Amino acid sequence: MSARLTLNTGFNAGAIDARIFGGFLEHLGRAVYGGVYDPKSPHSDERGFRRDVLRALARMRMPVVRYPGGNYVSAYDWRDTVGPRAQRPRRPDYAWQSIETNQFGIGEFMTWCEALGTGPFLAVNLGTGDAADAARLVEYCNLPRGTRWSDLRAEHGQANPYAVKLWGLGNELDGPWQAGHVPAAEYARRAFQASFLMKQLDSSIETVAAGSSGRGMPTYLSWDREVLETCWDTIDYISAHRYSSNAAKDSAAYLAEGVEIDRVLEDYAAVIGYVRGLKRSNKRVYLAFDEWNVWYRARHGEHTRGAWREAPPLLEEAYNLEDALVCAQYLTAFLRRADLVKIACLAQIVNVIAPVLTKRDALLLQTIYHPFVMFAEAARGISLTPRIESPEYSAGARGSVPVLDAAASFDGESGVLSVFLVNRESERPLTVDVRLEDRRVMGKVSVQLLGGGALQQQNDWDAPERVVPREGRVEQGDSACRVEVPAPGLAVLQLPTTTR
Ligand code: AHR
């Protein structure tokens, strides 16, 4: 089977925002306690941060990490999480029916972000919390000393402001499972007030309004439209969430998940464009896809209820090869729509629906870790709009779908052109001819391959390297190259190029 990809640096979707490689850390299960923070682990530093986890996450190059939730944020009080640890309350977490000790809070998160080399993306509570309280948190984090809440931060040992740039206005308030769930009009009012007050305090911040929590919601897009109409002048982004599933055990359809992801992006481009038109506005609001991943196995029942334990093992999804290739398709879709998607957060990062799993004394990289690292290492500069000529395959319930899913980037500074190719077909390898219309290949093309073989293969504690990237072979010409993508699999090519 063969396909062709044609690229021209003049046809592009603009600059890639590195924040599409963001992550998400929630107070949920063993994500924080026993995940990023575990004073009892032999791998932890003097602050209790797992060094091995920091090393693994550093390879993912996440420019932002969203925190502290998720559902958790909608009933939490940030004041419980700051100040002397001995005085922080233990309290029940309604979202995941667990006990929260608050030993890791805002201050620890900021220090951890610095240790990782990432930036905080803080969500405020707009479930049980209100706009005034959200503004108090901005005052605590971002104002110089001299006011009640900024002085409290200084009392807590942090004289300089944390200068948090990116703020989320609540979480999934469209969902009946959410503490403080309300109709769109009520959420929009809350989000407008909060964003307005927060920006009055610090005009340099950016805010993200909570969009629909999924395409299956009855209020999908009407919620987003209403929120955009009310909040347009005060927000910078609207969020989208999606969790992919192969619960139907239809792998042919599941491997075409990118088709659905593209649809969601089209939907958001449309609703944002519609409101912009209604308002005759010159302003742009972009998409923050701040929760995305595969999640269906550990999604119900005891996987989601902590029975009032501290750091219970929740949402510990075990990932396989097909899941990794679905994750790759989220990233190709975000890259292709670099004009729309400025932020995206893999949900989540450690132990909870995560690429990284821990035991007290060991760490495992799940299959979904690898495509993320392969993309984050190679995607730079502008996103090229690929012309794809591909055979189709029968994708189960999704009908006939192109076998090849692809994206490409070009870094004008180094001249490196990167190509991301997913073969969605599980039976036959795919030979892809990549043609460059306006660049010449100068030097050795590198190829990383992932996949091939059984769709269900996983990395586990006994065989941690069943699914890992390997070097591939490429035939290269003057302005072209040819590579074989495994069935099913991913290939990431990096071509050093010069002008023609
Ligand atoms: O990521 C797990 C949960 O999924 C988050 O807490 C919530 O926002 C979403 O429903």
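Peptides 458-470, 474-486, 25-37 ranked from most to least packed, by the mean per-residue count of other Cβ atoms within 10 Å: 25-37, 474-486, 458-470.
Computed about its Cα centre, the charge dipole of segment 17-378 is approximately 420 debye, with only Lys, Arg, Asp and Glu carrying charge at their Cβ.
The mean sequence distance of close C-alpha pairs (under 8 Å, at least 6 residues apart), as a share of the length of the chain, puts its relative contact order at 19 percent. Taking a straight Cα-Cα cut-off under 19 Å and skipping sequence neighbours fewer than 8 places away in the same chain, the lysines within cross-link reach of LYS40 are LYS359. Once the gyration tensor of the Cα atoms in segment 343-439 is diagonalised, the equivalent ellipsoid follows with semi-axes of 29, 22, 11 Å, ordered largest first. Extension gain for ARG305 to GLU427 (0.36 nm times residue separation, less C-alpha to C-alpha distance): 40.0 nm.
Note on LYS444: no lysines have a C-alpha under 21 Å away, same-chain residues under 8 apart excluded.
Taking a ≥ b ≥ c as the square roots of the Cα gyration tensor eigenvalues, segment 32-121 comes out prolate, since a/c reaches at least 1.5 and a/b is larger than b/c.
Accessible surface for the chain, divided over its residues, is 38 Å² per residue with a 1.4 Å probe. Principal semi-axes of the equivalent ellipsoid, √(5λ) from the alpha carbon gyration tensor of segment 81-237, are 28, 19, 13 Å from largest down. Among TYR140, TYR274, PRO89, whose Cα sits farthest toward the positive end of the charge dipole of segment 17-378 (+1 at Cβ of Lys/Arg, -1 at Cβ of Asp/Glu, about the Cα centre)? Going by the Cα projections, it comes out as TYR140. Within the shell of other residues whose beta carbon sits under 11 angstrom from the beta carbon of GLY170, the net charge comes to -2, with Lys and Arg scored +1 and Asp and Glu -1. Which of HIS43, ALA298, LEU221 sits closest to the plus end of the dipole of the chain, meaning its Cα is farthest towards the positive end, when Lys and Arg get +1 and Asp and Glu get -1 on the C-beta? It is HIS43.
Under a Cβ-Cβ cut-off of 12 Å, what is the net charge of the residues other than ALA159 that fall near it, where Lys and Arg count +1 and Asp and Glu count -1? Net charge in that neighbourhood comes out at 0. Kirkwood's formula applied to the C-alpha pairs of the chain gives a hydrodynamic radius of 23.2 angstrom. Taking a sphere under 9 Å around the Cβ of THR81 and counting the other residues whose Cβ falls inside, with K and R at +1 and D and E at -1, yields a net charge of -2.
Between ALA397 and ASP77, residue separation times 0.36 nm minus the direct Cα-Cα distance comes to 110.8 nm. Its Cα centre serving as origin, segment 130-205 has a Cβ charge dipole (Lys and Arg +1, Asp and Glu -1) of approximately 240 debye. Note on segment 17-378: dipole from Cβ charges, positive end direction compared against TYR67, MET110, MET374; the farthest Cα belongs to MET110. Placing a label point 7 Å from the Cα of THR111 along the Cα-to-Cβ line, the residues of segment 63-96 whose backbone N sits under 13 Å from it are 82-86.
Helix 131-142 and the longest principal axis of the C-alpha atoms of the chain enclose an angle of approximately 80°. For segment 156-253, a simple Cβ point-charge model (Lys and Arg +1, Asp and Glu -1, everything else neutral) yields a dipole of about 200 debye relative to the Cα centre.
Treating the angle as unsigned and between 0 and 90°, give the value, to the nearest 10°, between the Cα long axis of helix 184-201 and the longest Cα principal axis of the chain. Helix 184-201 and the main axis of the chain meet at about 80 degrees.
For the chain, the share of accessible area belonging to carbon and sulfur comes to 48 percent (1.4 Å probe, ligands and nucleic acids excluded). When shorter helices are ignored and each DSSP H run of at least 4 residues is given -39500 (n - 2.57), the per-residue value for the chain at 222 nm works out to -7500 deg cm²/dmol.
Taking only the C-alpha atoms of segment 248-315, Rg followed by Dmax gives 18.6, 52 Å.
The values are calculated or read from the model by the stated rules, or taken from the named source; none is laboratory data. Since the structure is predicted, the reported quantities are computational estimates derived from the model, not experimental observations. Using ideal geometry, Cβ is built from the backbone for each residue, glycine included, and neighbour counts are taken over all protein chains shown. For accessibility, only protein heavy atoms count, side chains too; no ligands or nucleic acids. Shrake-Rupley method; radii C 1.70, N 1.55, O 1.52, S 1.80 Å.
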